[in-house]
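Working notes for the structure below.
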Amino acid sequence: MRRAAAVILSLALGAACGSPGRPDAAEGRGTERTPVSTRAGTGETFTPAQRATMETAWAAFKRNSPGWPVLRDRWIELGEKPTNVLVENLLRAMVLSRLGNYPEGFDRARKELILLGAKAVPTVAGALERGVWYSAAEKREVPLPAGVVVDLTELLAIAGSPSVPWLADLCSHRQATIRRAAAKALGQIGDPEGLEAVFRMLAGGGDWADRMAAANALGYSRSARAVDPLIRALRDPDSSVVQEAARSLARLGAREAIPALETRREEARAEGNHKVAAACGAAAQVLRGGR
C-alpha cells in the first residue's frame, strides 16, 4: 500500500479535536472515541504559532463560526504537514458525528473534506488501509464499521483521479467490505487504471461476492472497456455473478453483448437455472430497446 500521509483515526490535534458543534457526540455514552496523541496529528511537532493557528481555527469550526473559512485557509497556508492535521481532524470529526448520530456535524465535516479534494486523499485512503477503529467500549481496535467504509470510499470517489492508485491498492485489502467498496468507487470514477484493478477482481478466483461487487461496479463505469470482461463473466461458476454481469451489461447499453446474453439464457434454461435465464433474458430485452 502507498504510504499514507498519517495514521488515521488514532491521532489528532490534542484537545482541539472532537465532534463539531456538539461535544457530547464524541464524549457521550455508547459512542466511540479514539486515543489522542500528545503531539499534533502525524506525530510532527509544530511551532507555538502554528499550533495556535490550528487550535484557533479548529475551535471556530466546532462552533460553526462565520470566521471559519478564513481561519481554515490560514491553516492550509501553513503547509503540507499542518494540512494533514486538518484532514485528520475533519475525518475524525466526520466519523465521530456518524457514530454519534449527529447529521449536522457529519455533513459539515464531509463538505470540508470534499472541498480539500486531492489534499485529503492520502489521509482518507490511509484510514481505509489501516481498516480499524479504536472501540472505547471494547478497549481495543475493531474493524471499521461498514457505514464508515462507505463514507470514506465515497470521499475518494468524489475526489476522482487522484484517488485511483490508492483505491486500486485497496481492491486487494484484507477486509472484504473495503475491497468491495473500493471497487465500487473505481467504477464510479471510470479511470482506465482503476478499471484494471476491477477487471482483476472480476476475473479472480477468490470470493464470489468480490466478483459480484466488481461486476456491479463495472456497470456504472460508462466505459466500453468493461463490456468484454462482463461478457466473460457470464461464464462465471457462480449464478449471482452471472446475474450481476448481465444487469451491468444492460446498464452500459452494450448491444454487442446481446448474442452472448441470449446464448447464456438458453444454456441456463437447459440447466434449470431460472434466475440466470431471467437475468440474461431481461438484459437482452433492455438492450434491444424493450422494457
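Structural remarks
- Once the Cβ-Cβ distance of Val132 and Asn101 is raised to the sixth power relative to R0 = 25 Å, the FRET efficiency obtained is 0.70.
- Rounded to 0.05, the FRET efficiency of the Ile114 and Glu77 pair, given R0 = 22 Å and the Cβ-Cβ distance, is 0.65.
- Of the trypsin sites (Lys or Arg not before Pro) in region 74-120, those whose Cβ has at most 13 other Cβ within 10 Å and which sit in DSSP loop: none
- Where GluC sites (Glu not before Pro) fall in DSSP loop in region 71-162, at most 13 other Cβ within 10 Å: Glu138
- The base-10 log of I(q)/I(0) for region 43-109, evaluated at q = 0.13, 0.21, 0.25 Å⁻¹, reads -0.36, -0.86, -1.10 [Debye formula, identical scatterers on Cα atoms, solvent excluded].
- Scalar couplings 3J(HN,Hα) for region 172-178, obtained by applying the Karplus form with A = 6.51, B = -1.76, C = 1.60 to θ = phi - 60°, are 10, 5, 5, 9, 4, 4, 6 Hz; x denotes Gly and Pro.
Every number in this text was worked out from the coordinates using simple rules, so none of it is lab data. Nothing here was measured: the structure is a model prediction, and the numbers come from that model. Neighbour counts are summed over all protein chains in view; Cβ atoms, including those assigned to glycine, are modelled from backbone coordinates with ideal geometry.
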